[in-house]
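Novice: Dumping the structure here so I can ask a few things about it.
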Amino acid sequence: MLLEYAGLRIVTDPTFDAPQVYEDPDETTLEKTAGPAIARTDLGPVDLVLLSHHGHKDNLDWEGLELIAQGIPTLSTRQAADDLFGGSVIGLDNWESYDFGTVTITAMPALHGPPGSEPMVGPVIGFMLEAEGEPTVYVSGDNASLPLVRQIADRFAPVDIALLFAGAARVDEIDADLTLNSSDAATAAQSLGARLVVGLHTEDWTHFSHTRPQLEAAFAGTGILADTPRGVRVELGR
């Protein structure tokens, strides 16, 4: 997602490759079925990248690597900071804050699957964005844990806007959702007291087991799920 916030242009989990199959002996094979709405070369200036983790191609692909290799400041996990491009990638621990311009970004805890899956999926974080006069924005990253969402809510609720990575991602090696399923996304939004929700991570990859229509059905009647057509700039308001 390209997020314009407090005068900054921020990209989350950059994936700009064309459709393809990613085969790697050290990773699960993933298949991308559609390219981005905006090509990396047409993106324009980017001030900051928020990278929930770097080990999976549906969060950081080859073109995404090209983007952050330009030296764009990137916030991510400590492991990502060790593995990627030296000083342009800044690693954060859970609850650690980083000031960028007028924006305070705090790393949120996340779990990319069920408890015990960390050795297989690696570390992952989310982000909370705060700035004077701006809405509070939560970026979940690839989190599947509602208990962690409740911990976040204890500190930050109500949240104005929640960017929730949904889609109930699944792979053969782990018999559980690796990201929020549609029902859990609705529960997470309720726990956070979210005024608006942007649903991400529900399209364009074959390992996403819940579709955008399923997410919309889970939020039916709430009026808080924003309509975000592909490639269209949406004003979310304050």
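Novice: With both partners inside the chain, how many of the DSSP beta bridges are antiparallel, as a percent to the nearest 5? Please report the intermediate quantities before stating the final value.
Specialist: Working: 23 of 40 bridges.
That works out to approximately 60 percent antiparallel.
Novice: Quick one: what Rg and Dmax do you get for segment 127-213 from the alpha carbons, in Å?
Specialist: 13.0, 45
Novice: Could you go through segment 39-49 in sequence order and give the Karplus-derived ³J(HN,Hα) for each residue, using 6.51 cos²θ - 1.76 cosθ + 1.60 with θ = phi - 60°, rounded to whole Hz, and x for Gly and Pro?
Specialist: 5, 4, 6, 9, 6, x, x, 10, 8, 7, 10
Novice: Determine ³J(HN,Hα), in whole Hz, for all residues of segment 103-113 in sequence, where each value follows from phi through the Karplus function 6.51 cos²θ - 1.76 cosθ + 1.60 and θ = phi - 60°; x replaces Gly and Pro.
Specialist: Rounded to whole hertz, the list is 9, 9, 10, 10, 6, 9, x, 8, 9, 8, x.
Novice: Quick one: what do you get for segment 17-123 if you divide its Cα Rg by 2.2 N^0.38 Å?
Specialist: Details: Rg = 14.7 Å, N = 107, 2.2 N^0.38 = 13.0 Å.
Expressed relative to 2.2 N^0.38 Å, the Cα Rg reads 1.13.
Novice: With an 8 Å cut-off on Cα pairs and a minimum separation of 6 or more residues, tell me the relative contact order of segment 79-207 in percent.
Specialist: Numbers: 264 pairs, mean separation 25.3, N = 129.
Relative contact order, segment 79-207: 20 percent.
Novice: What does the charge count near residue 44 come to, summing +1 for each Lys or Arg and -1 for each Asp or Glu among other residues with Cβ under 11 Å from its Cβ?
Specialist: Combined, the nearby Lys, Arg, Asp and Glu give -1.
Novice: Need the C-alpha centroid separation for segment 79-108 versus segment 129-176, integer Å.
Specialist: 17
Novice: Taking R0 as 35 Å, what FRET efficiency do you get between residue 94 and residue 211 from their Cβ-Cβ distance, rounded to the nearest 0.05? Mind dumping the intermediate values first?
Specialist: Details: r = 31 Å, r/R0 = 0.88.
Efficiency at R0 = 35 Å is approximately 0.70.
Novice: Take the Cα atoms of segment 174-224, find their three principal axes, and give me the spread along each one in whole Å, biggest first.
Specialist: Computed over segment 174-224, the largest-to-smallest principal extents equal 31, 19, 14 Å.
Novice: Using the Cα atoms as the points, what is the convex hull volume per residue of the chain in Å³? Write down the numbers at each step before the final one.
Specialist: Working: hull volume 27.5 nm³, N = 238.
Convex hull volume per residue, Cα atoms: 116 Å³.
Novice: Here's another thing I want to ask about it. Starting from the amide H of residue 126, placed 1.01 Å from N in the peptide plane, find each other amide H under 5 Å away whose residue is 5 or more places distant or on another chain.
Specialist: Those qualifying (amide H under 5 Å, at least 5 residues apart or on another chain) are 108, 110.
Novice: Using the Karplus curve 6.51 cos²θ - 1.76 cosθ + 1.60 with θ = phi - 60°, what ³J(HN,Hα) values do you get for each residue of segment 163-168, in whole Hz, with x for Gly and Pro?
Specialist: So the J values, rounded to whole Hz, are 9, 9, 7, 10, x, 6.
Novice: Can you give me the relative contact order of segment 1-121 as a percent, contacts being Cα pairs under 8 Å and 6 or more apart?
Specialist: On the way: 196 pairs, mean separation 23.6, N = 121.
In percent, rounded to a whole number, it is 20.
Novice: What are the residues whose amide H is under 5 Å from the amide H of residue 143, where those residues sit 5 or more places off or on another chain and H is modelled from the backbone?
Specialist: Here 165, 180 satisfy the definition.
Novice: With the contact rule set at Cα under 8 Å and sequence spacing of 6 or more, what percent relative contact order holds for the chain?
Specialist: Details: 527 pairs, mean separation 34.3, N = 238.
RCO, the chain: 14 percent.
Novice: Got a sec? Which residues in segment 153-189 would a label at residue 203 touch, if it sits 7 Å along Cα→Cβ and we count backbone N under 14 Å?
Specialist: Residues 166-167 fall inside that zone.
Coordinate-derived values only; no laboratory data. Fair warning: this is a prediction, and the values are worked out from it, not measured in the lab. Positions of Cβ are backbone-derived with ideal geometry, glycine not excepted, and every protein chain shown enters the neighbour counts.
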